[in-house]
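J.: Take this structure, written in structure tokens, and hold onto it; I'll ask about it next.
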2 protein chains.
Amino acid sequence: MKQAKWIWRPGEFEIYHHMLLSFRRQEKGCDYPCCWHICRPEASVRFRRTFTAEKDGAFTVVTRGKGMVRFNGKLWPVNTAIPVPAGTYDVSVEIFDLDAFPSIYINSDVLVTDESWFTDPYDAVMVPAACEPAFTSPEDDPAVFPFAYEDIAPVSVEDVPGGLLYDFGREQFGPVRMTVPDGAEVLLVYGESREEALDPENAIIRETLTAADDPDRPARAFRYIAVLGDAAKDVTPAARLEYLPIEDKASFRTAEPGLDKIWDLCARTFHLNSREFFLDGIKRDRWVWSGDAYQSYMIARYLYNDPSVTERTIFALLGKPPYKLHVNTINDYSAYVIVSVWEHYEATGRLDFIRTVWPNVKALYAFIASRLDENGYVVRRNGDWIFVDWGVLDKDGPHCFEQILLWQTHRAMAKLAALLGEPDAYTDRAEALRARVLADFWDAEKGAFIDSFTSGRRFVTRQTNVFAVLYDFVEGGQKQSVIDNALLNPDLPAITTPYFKLYELLALCRIGKIETAQDYIASYWGGMLKEGATSVWEAYDPAQSGAAHYAMYGSPYGKSLCHAWGSGPILLLCRYVAGVYPTAPGGRTFRVAPNPGKYKAFQATVPVGEGFVYLDYNAPTVTVRATVPGGVFSDGRTETPLEAGETCTFTLP
Amino acid sequence: MKQAKWIWRPGEFEIYHHMLLSFRRQEKGCDYPCCWHICRPEASVRFRRTFTAEKDGAFTVVTRGKGMVRFNGKLWPVNTAIPVPAGTYDVSVEIFDLDAFPSIYINSDVLVTDESWFTDPYDAVMVPAACEPAFTSPEDDPAVFPFAYEDIAPVSVEDVPGGLLYDFGREQFGPVRMTVPDGAEVLLVYGESREEALDPENAIIRETLTAADDPDRPARAFRYIAVLGDAAKDVTPAARLEYLPIEDKASFRTAEPGLDKIWDLCARTFHLNSREFFLDGIKRDRWVWSGDAYQSYMIARYLYNDPSVTERTIFALLGKPPYKLHVNTINDYSAYVIVSVWEHYEATGRLDFIRTVWPNVKALYAFIASRLDENGYVVRRNGDWIFVDWGVLDKDGPHCFEQILLWQTHRAMAKLAALLGEPDAYTDRAEALRARVLADFWDAEKGAFIDSFTSGRRFVTRQTNVFAVLYDFVEGGQKQSVIDNALLNPDLPAITTPYFKLYELLALCRIGKIETAQDYIASYWGGMLKEGATSVWEAYDPAQSGAAHYAMYGSPYGKSLCHAWGSGPILLLCRYVAGVYPTAPGGRTFRVAPNPGKYKAFQATVPVGEGFVYLDYNAPTVTVRATVPGGVFSDGRTETPLEAGETCTFTLP
């Protein structure tokens, strides 16, 4: 027989673990529920298939829920051997699990559970079952996320007023075990910074523990842990790193000062945030945000090129209809989900996944469409958050940024519909929208898009125009005008958030301004390294010093010191410096178009499709070897096909 | 301060307890999940209000979940006193409860929880909070349904082969406590009949217990319990009745032989099935079925005239959108929900309830409408069950019965929309549908409606024509034709299910054929009484004898011996013999139109609105006293206003 696997309804594993995750935030002694609607898994699910037993046998349905088996004309209990006379049968298993989500496991000579089963949540639409590679034995529990663990020891323990300060050397995430003796009481203060750990009043996570408390504390972010109180020296916090065992596929090495360290800082930061789903940051709030995730998908495609975290995150963000508010309550964030589903297909070619999420993608699109105004524009409706970015934006009336994103959403839907053989109800909308946006938002005098045509301020921001370039909303002379008058216009307000900075750098790289990105990497990420960062911060302002770096959102330690969007250099270096990217879904064809910019030399390994591209650049020559066919080398002028496995040397112009 | 109450999002209490109920069915050692989609409560809910503290004080948010309080510019934990300086505040409590459903309780000098709070499940649509009268102290737990309990002793204990048989005298429902000594094992067999309890192989509920099992067994239906095995005499099943403490308001007493006993049998049966929701029957399957519930609503309005079980049942049946299949998977059953919401308003005038369920009613209607064919007819779609009734029906193509029910559904929507000040998108549909039905299904030659116009069989059934009369789908000569050619036509197949029989009897009473109903009550219910019934059976065939009465659905004890729909005589006697019914919402006006039929004398108490009507009939005079204004007495020829509190005597023609 084939490998037996725990199976469930597609998306239920993700919905369940996303639900748990969304209610784990704690802040200053409060449980802080996620501030948007969180879906629950189905209470009950049916599993079915037809099978043939060549000889007599038996099978047992293992489940952590309850239910029954319809087989051979009778009802049978679960977790009990059911005899199977040789023959062909329909078998149906009906399970409810009110603690987690319905899942089953069968491993026998006559029948096993795997993706060949079908399931429905009693809606009469049977779809193939889902599974995860970690759940293959009857003892496995799909309600427990399969993290890996590693003991971590402090690099120093220091006497501090009132107790001890443990320094674990660098940013960590994991559970701490600490047994408090009878009658004693200790205060545990977690700090991403030393200052935070030593400031119980203002630290985000602090807790008072006694012998009555569970010695196993929930997994949290920290570098420092302060143990305070009379009994501080009688207890020892035994810490473990909790992580997802996922191997890097990309690497990038140069002789540029500090750049290898920046890469490693970014990679570690990204791994710490790659968990059940892509987190924004590991300290606060540890929720799943679509805007942050959209950037993480792009980074993950290069760093470890494994679709699993991306797909789980898309499942979690899509949740389940009905959609009553936008994803994360943010209009842009619903759009990013749909755009990213298409981009995920482009990057991976994983059609089964697209087919699975398609009903929810359509429902989310219908929700977006239901809230457009009479001109087909995104406008603010009850409960909407028109986010775009923090900073100076003119949000009066329809905002141009949202319309460009909507245009890309219509186009993503058109491509997804074509892929799945469904009618195109989208392209006409995209074209009508584009024409209207050009009429309403294009300022011929300024040669760029304005944010709002209703306010009268005719304000031009980088954000809107960055997306016009990133998404090819304009071409030719109009694109050049956007570049000259917005992207490269020093008089416009600078983008100040690292979140949007990544989009801006991507747009700059896209128009060949690689040196600008390289300079920014050196100063911004290099600057953080000099400040002693062991993971990339949520934001960094070189003008600040000391503990001022840790303040944000009105709280002295409100800033996350390990934020996924800080890992952008991995994307910039792989996609634009090494210049490797797929040109057909799943990397069936791909291009290698290195642009070393300021770098004199680099060695890069970049995954694409099922293979890798190895580059070794020493100005002005680059040797390239791709392990898979379909590649083309481009020096910006001519294109040369790459043979799989062959090393070629090119001289860059 | 006002009375403090536990509060929650409207419907969540019902969704939660309906979920538990739907997964309690057991059959022959299997847990038997409900065979349609069951909704789960929300994971998280926000509670908000504005309040003024006249002086300094404090409040504590009591909850069985987790979460936090946003108050006075800070976050505060739950279950901890929060200081309140005198002043006016917005307070917001955010709660998640993954075990049950989010609920809170505050009882303080400055703030209490009650219906004046608002809640949303993070969808930005705040609605008033809900509560139940049983939950008013901080120790109460809304996750535990507030049943009442009463010890019940067996009326006999009998030695039987292999053990003991306990007879509890009549149909019961409740938990049994039984402690099995170490090393022993007993088999517990529940029987609604003696035969079932003594037939472990075929009994619906049997279980083997050891010392390791919880001595408190789940509540189940039984009259008999067999305890079998070597240790049978070492254990004692201590049984309790589990019930809803709800007092009867109606009574009906006559000198007719057996009729008082029939009333009592019906009343007890109805109480046993009036629980969290209206059950179909208490043994098997104990799920909530909309068709059964529709009849129970009508009976409840008379027997105890308390809206609570009806409203909980409507909440449970509506569940939450999106609707992917019909209620209970049955097309008719979705329609009954909508029709019953209107009828509930007519009976009670409870506008707040209507307003609360209206969004889901609209969503369910939209679902129904989305599955109509191009002619606006109900047709069978994937997963649909066009039920109507068991028995001989022509279900080819659109079925006339379903269209008449749809017509009533459109009309109910029109009346609900008018009530709530919303536009009427329904009446035109109703009228167009009626015209089309008359064109397609009316057989002028047969003078009645045919079931199907596509099969060519032109088959006339009572079911379809009963509803044409019940819902006034036809009037005047056409109605008379339906009566003559269908309802009173002895050549048509008889209705054989007690479920549909009640609709038929209602239609017959409606056209004045009260004697037919009275004869049927005497023979059918009287017949069951003679067979020793202690509650009304799911079905009864006088031609059967002995244990053959207990077989159904291919199982020797498959028949439920305590089925709610069997309580119909209560409705027939109050509505048509006593003749009391509201003529304006909530009984603001009402009519008293007694029709004694064959009965020479009766004394009836019938609730209407907030009051009662007392009738004392001794042929040919009836004395009538209504405790509330708005009544009119009708002898079928003239109408006489009734003064509240005054006793009037009339001579019936």
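J.: May I ask which residue of A:PHE147, B:TYR426, A:GLY645 lies farthest towards the positive end of the charge dipole of the protein assembly as shown, with charges of +1 (Lys, Arg) and -1 (Asp, Glu) on Cβ and the Cα centre as origin?
T.: So the residue furthest toward the plus end is B:TYR426.
J.: Counting alpha carbon pairs within less than 8 Å and at least 6 residues apart, what relative contact order, in whole percent, applies to the range B:581-651?
T.: Numbers: 150 pairs, mean separation 19.1, N = 71.
Dividing the mean separation by the residue count of the range B:581-651 yields 27 percent.
J.: Please give the Cα centre distance for the range A:183-206 versus the range B:179-211, rounded to the nearest Å.
T.: That distance is 58 Å.
J.: Okay, moving on. Just flag the GluC sites (Glu not before Pro) in the range B:377-479 sitting in loop per DSSP whose Cβ has no more than 11 other Cβ atoms within 10 Å.
T.: Details: sites: B:GLU402, B:GLU431, B:GLU445, B:GLU475; in loops: B:GLU445, B:GLU475.
Passing both the DSSP loop test and the Cβ count: B:GLU445, B:GLU475.
J.: Along the charge dipole of the range B:7-128, Cβ charges K/R +1 and D/E -1, which of B:TYR122, B:PRO10, B:THR52 sits furthest on the positive end?
T.: B:TYR122
J.: Let me ask something else about it. Taking the label point 7 Å from Cα in the Cβ direction, how far apart in nm is B:LYS600 from each other copy of itself, listed shortest first?
T.: With the label placed 7 Å along Cα→Cβ, B:LYS600 yields 12.3 nm.
J.: A further question follows. If you wrap a convex hull around the alpha carbons of chain B, what volume per residue comes out, as a whole number of Å³?
T.: Numbers: hull volume 115.2 nm³, N = 653.
In chain B, the Cα hull volume divided by residue count equals 176 Å³.
J.: Chymotrypsin sites (Phe, Trp or Tyr not before Pro), restricted to the range A:353-390: which are DSSP loop and have at most 16 other Cβ atoms within 10 Å?
T.: On the way: sites: A:PHE353, A:TYR365, A:PHE367, A:TYR377, A:TRP385, A:PHE387, A:TRP390; in loops: A:TYR377, A:PHE387, A:TRP390.
Here the sparse-neighbourhood loop sites are A:TRP390.
J.: Quick one: check the C-alpha center-to-center distance for the range B:496-557 versus the range B:425-459, whole angstrom.
T.: 31
J.: Okay, moving on. May I ask you to report, in nm to one decimal and beginning with the shortest, the distances from B:ARG436 to the same position in the other copies, taking label points 7 Å along Cα-to-Cβ?
T.: Result, one decimal in nm: 3.3.
J.: Fewest Cβ neighbours within 10 Å first, please rank A:TRP442, B:TRP8 accordingly.
T.: Working: A:TRP442 19, B:TRP8 30.
Lowest to highest Cβ neighbour count: A:TRP442, B:TRP8.
J.: Once the piece of chain linking B:SER137 and B:ALA644 is laid out straight, how much longer is it, given 0.36 nm per residue of separation minus the C-alpha distance between them? Numbers along the way, then the final one.
T.: On the way: separation 507, 0.36 × 507 = 182.52 nm, distance 3.85 nm.
Result for the pair: 178.7 nm of gain on full extension.
J.: Another question about this same structure. From the phi of every residue in the range B:222-228, what ³J(HN,Hα) in whole Hz does the Karplus formula 6.51 cos²θ - 1.76 cosθ + 1.60 yield, where θ is phi - 60° and glycine or proline is x?
T.: Here the 3J(HN,Hα) series is 6, 10, 10, 10, 9, 10, 10 Hz.
J.: Please say if the range A:230-342 is rounded, prolate or oblate, where rounded means a/c under 1.5 for a ≥ b ≥ c the square roots of the C-alpha gyration tensor eigenvalues, and otherwise the choice is prolate for a/b larger than b/c and oblate otherwise? Walk me through the intermediate numbers first.
T.: Numbers: a/c = 2.32, a/b = 1.24, b/c = 1.87.
Because a/c hits 1.5 or more and a/b fails to exceed b/c, the range A:230-342 counts as oblate.
J.: Given an 8 Å cut-off on Cα distances and at least 6 residues of separation, report the relative contact order of the range A:148-243 as a percent. Intermediate results must be reported in sequence, preceding the final value.
T.: Numbers: 237 pairs, mean separation 41.9, N = 96.
Worked out over the range A:148-243, it gives 44 percent.
J.: Only four residue types carry charge here, +1 at the Cβ of Lys and Arg and -1 at the Cβ of Asp and Glu. Report the dipole size of the range A:7-128 about the Cα centre in Debye, rounded to the nearest 20. Intermediate results must be reported in sequence, preceding the final value.
T.: Working: 13 positive and 16 negative charges, 52 e Å.
So the dipole magnitude of the range A:7-128 works out to roughly 260 debye.
J.: Something else about it: Taking +1 at the Cβ of each Lys and Arg and -1 at the Cβ of each Asp and Glu, which of B:GLY447, B:GLY532, B:ALA43 sits farthest along the dipole of chain B towards its positive end, judged by Cα position relative to the Cα centre?
T.: B:GLY447
J.: In nm to one decimal, list the spacings between the A:ASP230 label point and its equivalents in the other copies, with label points set 7 Å along Cα to Cβ, shortest first.
T.: 5.9
J.: So what is the calculated 222 nm ellipticity per residue for chain A, using -39500 (n - 2.57) for each DSSP H run with n of 4 or more, over all residues, to the nearest 500 deg cm²/dmol? Walk me through the intermediate numbers first.
T.: On the way: 15 runs with 175 residues, N = 653.
Mean residue ellipticity at 222 nm (helix-derived): -8500 deg cm²/dmol.
J.: Give a quick list of trypsin sites (Lys or Arg not before Pro) in the range B:54-95 that DSSP marks as loop, anything other than H, G, I, E or B, with at most 10 other Cβ atoms within 10 Å. Display every interim value, and only then the final one.
T.: Numbers: sites: B:LYS55, B:ARG64, B:LYS66, B:ARG70, B:LYS74; in loops: B:LYS55, B:ARG64.
Answer by residue number: B:LYS55.
J.: Now for a different question. Once the mean 1/r over all distinct Cα pairs of the range A:488-602 is inverted, what Kirkwood radius in angstroms do you read off? Write down the numbers at each step before the final one.
T.: Working: mean 1/r = 0.0639 Å⁻¹.
Here the Kirkwood hydrodynamic radius works out to 15.7 Å.
J.: For the pair A:ASP213 and A:ARG458, what calculated FRET efficiency results from E = 1/(1 + (r/R0)^6), where r is the Cβ-Cβ distance and R0 = 51 Å, to the nearest 0.05? It would help to have the intermediate numbers written out before the result.
T.: On the way: r = 60 Å, r/R0 = 1.17.
The value I calculate is 0.30.
J.: For the range B:148-243, taking Cα atoms only, what is the radius of gyration to one decimal and the Dmax to the nearest whole Å?
T.: 12.0, 35
J.: Next question, about the same structure. Once R0 is set to 35 Å, what does the formula 1/(1 + (r/R0)^6) return for the Cβ-Cβ distance between B:SER156 and B:ILE511, expressed as a FRET efficiency to the nearest 0.05? Write out the running numbers ahead of the final one.
T.: Values: r = 48 Å, r/R0 = 1.36.
Once rounded, the FRET efficiency stands at 0.15.
J.: Just subtract the alpha-carbon distance of A:ARG350 and A:ASP109 from 0.36 nm times their residue separation and send over the number in nm, one decimal. List each step's numbers first, then the result.
T.: Numbers: separation 241, 0.36 × 241 = 86.76 nm, distance 3.13 nm.
Using 0.36 nm per residue and subtracting the Cα-Cα distance, I get 83.6 nm.
J.: Something else about it: Which ordering of A:MET1, A:MET68, A:MET552 is given by a fewest-first count of other beta-carbon atoms within 10 Å?
T.: Details: A:MET1 11, A:MET68 24, A:MET552 15.
Going from sparsest to densest Cβ surroundings: A:MET1, A:MET552, A:MET68.
J.: Shape verdict for the range A:276-425, please, from the Cα gyration tensor: rounded (a/c under 1.5), prolate (a/b greater than b/c) or oblate.
T.: On the way: a/c = 1.74, a/b = 1.15, b/c = 1.51.
Oblate.
J.: What is the distance, in nm, between label points placed 7 Å from the Cα along the Cα-to-Cβ direction at A:LEU75 and at A:TYR149?
T.: The two pseudo-label positions are separated by 4.0 nm.
J.: Over chain B, calculate the relative contact order: mean separation of alpha carbon pairs under 8 Å at least 6 apart, over the residue count, as a percent.
T.: Normalised by residue count, the contact order of chain B is 11 percent.
J.: Can you compute 3J(HN,Hα) from phi for each residue in the range A:342-351, using the Karplus curve 6.51 cos²θ - 1.76 cosθ + 1.60 with θ = phi - 60°, rounded to whole Hz and x for Gly and Pro?
T.: 5, 4, 5, 5, 4, 6, 10, x, 7, 5
J.: Looking only at the range B:425-443, which residues have a backbone nitrogen under 17 Å from a spot 7 Å from the Cα of B:ASP396 in the C-beta direction?
T.: Within reach of a label on B:ASP396, which here means backbone N under 17 Å from a point 7 Å along Cα→Cβ, the range B:425-443 contributes B:440-443.
J.: Moving to a separate point now. Calculate the mean, over all residues of peptide B:39-46, of how many other protein chain Cβ atoms lie within 10 angstrom of the residue's Cβ.
T.: Per-residue shielding by partner chains comes out at 5.
J.: Mind checking the dipole of the protein assembly as shown: about its Cα centre, +1 per Lys or Arg Cβ, -1 per Asp or Glu Cβ, Debye to the nearest 20?
T.: On the way: 130 positive and 172 negative charges, 431 e Å.
For this selection, approximately 2060 debye.
J.: Give me the percent of Cα-Cα pairs in the range A:7-128 that sit more than 19 Å apart, rounded to a whole number.
T.: On the way: 3800 of 7381 pairs.
Counting every Cα pair in the range A:7-128, those more than 19 Å apart make up 51 percent.
J.: Taking just the alpha carbons, could you work out the radius of gyration and Dmax for the protein assembly as shown, both in angstroms?
T.: Cα radius of gyration and Dmax of the protein assembly as shown are 35.7, 117 Å respectively.
J.: Here's a follow-up. Any lysines with Cα under 29 Å of the A:LYS362 Cα? List them, leaving off those in the same chain fewer than 8 positions away.
T.: A:LYS320, A:LYS324, A:LYS395, A:LYS415, B:LYS320, B:LYS324, B:LYS362
J.: Fewest to most neighbouring Cβ within 10 Å: what's the order for A:THR583, A:THR534? Before the final figure, lay out the partial values.
T.: On the way: A:THR583 14, A:THR534 18.
Least to most surrounded, the residues fall as A:THR583, A:THR534.
J.: So how far, in whole Å, is the C-alpha centre of the range B:46-65 from the one of the range B:334-406?
T.: The distance from the Cα centre of the range B:46-65 to that of the range B:334-406 comes to 42 Å.
J.: Would you list the P(r) distribution for the range A:581-651, with all Cα-Cα distances sorted into 5 Å bins from 0 and each bin expressed as a whole %?
T.: Per 5 Å bin, starting at zero, the Cα-Cα P(r) for the range A:581-651 comes out as 4, 18, 32, 26, 15, 5, 1 percent.
J.: Whole-Hz ³J(HN,Hα) for each residue in the range A:130-136, computed from phi via Karplus 6.51 cos²θ - 1.76 cosθ + 1.60 with θ = phi - 60°, x for glycine and proline: what do you get?
T.: 10, 8, 10, x, 6, 10, 10
J.: Ok, one more. Over the protein assembly as shown, what is the percentage of antiparallel beta bridges among all DSSP beta bridges, to the nearest 5?
T.: Working: 206 of 216 bridges.
In the protein assembly as shown, DSSP labels about 95 percent of beta bridges as antiparallel.
J.: Could you give the dipole magnitude of the range B:148-243 about its Cα centre, charging the beta-carbon of Lys and Arg +1 and that of Asp and Glu -1, in debye to the nearest 20?
T.: Numbers: 9 positive and 20 negative charges, 45 e Å.
Dipole size: approximately 220 debye.
Each value in this text was obtained by applying a stated rule to the coordinates, not by laboratory testing. Keep in mind it's a predicted model, so treat the numbers as computed, not measured. Because the Cβ atoms are built from the backbone with ideal geometry, glycine has one as well, and the counts that use them run over all protein chains shown.
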